[in-house]
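Report on one structure; see the data block that follows.
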Amino acid sequence: SSQLSSIEFFDPISKEWTFLPPMKTKRSRCAAVKIDGRIYVMGGHDGYNELSSVEVFDSVTRRWSFLPSMTKKRWGCAAVQIEGQIFVAGGYDGSSEMPSMEILSHPHEQPTHQYPTILSSMTKSQLDEILISEVLNTDQLARCELPNDEFIPVATQVFS
């Protein structure tokens, strides 16, 4: 099995790896972000099922705890944090690619936004916008502008 509950943290200043306490759920292909000394891990696969669960590691207490789950199960998804919000996009739900993105506006609360789109993988983030592209099923590129939470088509790739 390739699912792990162990976590290693790399400090680029000291150039050292540190083992953290294990997560509550073994996972593979999950997404993770760090916000204010906390590590958030969402989605993934436990070897049997796709996961929608979200766990957070508090670096002060050195403990993992569960948060409210995402609205959809996702593994192979991408996540980025911008201004304290977590954007989780794409992935696979066990039967098809996920054409949606969820925003965990307040990570300790139930997710409040879900944006169904034709897009499924997050590839780049910037301070005020997120660029999202799909490399398998569509030739569109869109930008999610904050704080409007609005998707704007940017380009269509042309294949010859």
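Since every read-out is calculated from the coordinates, none of them should be taken as a lab result. From a predicted model like this one, the values you see are computed outputs, not experimental measurements. Backbone-built Cβ (ideal geometry, glycine too); neighbour counts: all protein chains shown.
List of remarks:
- Listed values for the range 76-83 are Karplus-derived 3J(HN,Hα) couplings in whole Hz (6.51 cos²θ - 1.76 cosθ + 1.60, θ = phi - 60°), namely x, 7, 10, 9, 8, 10, 9, 6, and x replaces Gly and Pro.
- Estimated distance in nm for a label pair at Q3 and K15, the labels positioned 7 Å out from Cα along Cα-to-Cβ: 3.7 nm
- If you take all other residues with their beta carbon under 14 Å from the beta carbon of N49, and give Lys and Arg +1 and Asp and Glu -1, the sum is +3.
- Label-zone membership for the range 18-54, site S95, 7 angstrom Cα→C-beta point, backbone N under 16 Å: 49-51
- You can think of it this way: the chain between D58 and A32 has 8.0 nm of extra reach, that is 0.36 nm per residue less the Cα-Cα gap.
- Positive minus negative residues near D36 (Lys, Arg vs Asp, Glu; Cβ under 12 Å): 0
- Backbone phi angles across the range 46-55, fed through the Karplus curve with coefficients 6.51, -1.76 and 1.60 (θ = phi - 60°), yield HN-Hα couplings of 9, x, 10, 9, 6, 10, 10, 5, 10, 10 Hz in residue order; Gly and Pro are listed as x.
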